[in-house]
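A short write-up of the structure that comes next.
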Amino acid sequence: MTISTLLFFILGIALISYGANVLVTSTQNISEKYNISYFLSSFIFIGLATSSPEIVISILSSLDGKSNIAIGNALGSNIANVALVFALSYLFLMKSDLSVNKKIDKETYGFILFLIIISLLMIPLLADGIFTFTESIVLIAAFIVLIFLYKKLYYSNDSEHKKTISNNHKSGLTIAFVTIIGVTLLLIGTEIFLTNSILIAKYIGVTDYVIGLSITAIGTSIPELASSIESARKKNIDFIIGNILGSNIFNFTIVISAAGLISMAQEPLLMGDLIRDMIMILITLICFYIIIKNYNYISTKILCFSLLVLFVIYQTSLYEINI
């Protein structure tokens, strides 16, 4: 491992972070200009864009015959998104910020329910340690159903889910151009980061699945982290929640599906590892729901700190480090 590897590793992180910050600003502009709710705009634009590194990794890894990196990255990113990104972002919020949203609306409940269902669905789909073409089709179909249900149940109710303020005077072309720049920086940074993080991990001597769960999962969660912290700084809780839900749903339905569609050769994953990781995902989802539903300042801080500690313990266990 050379110094240049470490320098490019840091450069990739920097590009990802800056691209995410550009994306948050663009998403807010889109929301204000086109009168879209902050939750929905963050779910679609931030959630999908910050999942683009995972999507790229899934495609590149699968084409290279290493789809286990893609699967590990998707599962690990979903864990990191809640236990690291969401928890850390909420620690930046003050007591007055948490009182802004009095309750969870039906739109958010619907996406939370879908994420729980799709998480449980992953257990039988990955039971044999291999993700197949057919199983990818099942996930894609589930995603299509989600979009259909949203359009049917929520999209027509403009008064409840859309913003009432539309005073953004920036042109749509300008907003689109800045958004493309942000996403491009994310993708370039991801490619640089992926290449050098794998070199570092191989130097340490870990498996492809662990690389996906740890180094690439944390690295590709940096866009979500940067976006969520920026949203917390602007006291926009809807952006934080929408970002996490969108990213986690896209990680399951697109990232893992891409791995199954592309890769034909795949080494079976160990059942013990999958059980450990799915338990982590379900625990973090429960904590996520409790935190956004409660809005109690003290219990929120305690749960967020507990999630961070749990995440550290989980990551060290991947490398069999005793702490």
>> Residue under question is Ile281, and the condition is that it be of a type outside the set (Gly, Ala, Ser), open to solvent by less than 40 Å² (accessible area, probe 1.4 Å) and under 20 Å from the mean Cα position of the chain (by Cα); does it hold?
In response: yes
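For every residue, the table says whether it meets (1) among the acidic types (Asp, Glu); (2) open to solvent by 50 Å² or more (accessible area, probe 1.4 Å).
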site: Glu191; (1), (2): yes, yes
site: Asn196; (1), (2): no, no
site: Ala201; (1), (2): no, no
site: Gly212; (1), (2): no, no
site: Ile218; (1), (2): no, yes
site: Phe250; (1), (2): no, no
site: Thr253; (1), (2): no, no
> Restricting attention to the stretch 14-29, which residues are open to solvent by 50 Å² or more (accessible area, probe 1.4 Å) and under 20 Å from Ile218 (Cβ atoms)?
Replying inline: Ala14, Tyr18, Asn21
>> Quick check on Ile137: is it out of contact with any Leu (no Cβ under 6 Å at 6 or more places or on another chain) and within 19 Å of Cys304 (Cα to Cα)?
In response: no
> Restricting attention to the stretch 63-80, which residues are surrounded by fewer than 24 Cβ atoms within 10 Å (Cβ to Cβ) and on the phi < 0 side of the Ramachandran plot?
Replying inline: Leu63, Asp64, Lys66
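Would you mind listing the helices (runs of 4 or more DSSP H) fully within the stretch 6-92 where at least 3 residues are touching a Ser or Thr at 6+ places or on another chain (Cβ under 7 Å) and of a type outside the set (Ser, Thr, Tyr)?
Working: elements: 38-41, 47-50, 52-63, 67-80, 87-91.
Those helices (runs of 4 or more DSSP H) span 52-63, 67-80.
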> Could you give every pair whose Cβ atoms fall below 6 Å, whose first residue belongs to the stretch 66-78 and is over 13 Å from Thr50 (Cα atoms), and whose second residue is of a type in the set (S, T, N, Q) and outside any helix (DSSP H, G or I), counting only separations of at least 6 or pairs across chains?
Replying inline: Ser67/Ser263; Ser67/Gln266
>> I'd like the full set of residues that are more than 18 Å from Leu75 (Cβ to Cβ), charged (D, E, K, R) and not in a helix (DSSP H, G or I), limited to the stretch 103-137.
In response: Lys103, Asp105
> Which condition number in (1) part of a helix (DSSP H, G or I); (2) at pLDDT 70 or above is the one that Glu160 fails?
Replying inline: (2)
>> If I ask for residues that are hydrophobic (A, V, I, L, M, F, W, C) and surrounded by 13 or more Cβ atoms within 10 Å (Cβ to Cβ), which ones from the stretch 134-148 would you list?
In response: Ile137, Val138, Leu139, Ile140, Ala142, Phe143, Leu146
>> Suppose we filter Ala87, Ala83 for residues that are within 19 Å of Ser228 (Cα to Cα), touching a Cys at 6+ places or on another chain (Cβ under 7 Å) and surrounded by 14 or more Cβ atoms within 10 Å (Cβ to Cβ); which single one remains?
In response: Ala87
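The values are calculated or read from the model by the stated rules, or taken from the named source; none is laboratory data. Remember, it's a predicted structure, so these values are computed and weren't measured experimentally. With ideal geometry, Cβ positions are generated from the backbone for all residues, glycine too; neighbour counts draw on all protein chains shown. Note: accessible area is taken over every heavy atom of the protein model, side chains too, but ligands, DNA and RNA are not part of it. Shrake-Rupley method; radii C 1.70, N 1.55, O 1.52, S 1.80 Å.
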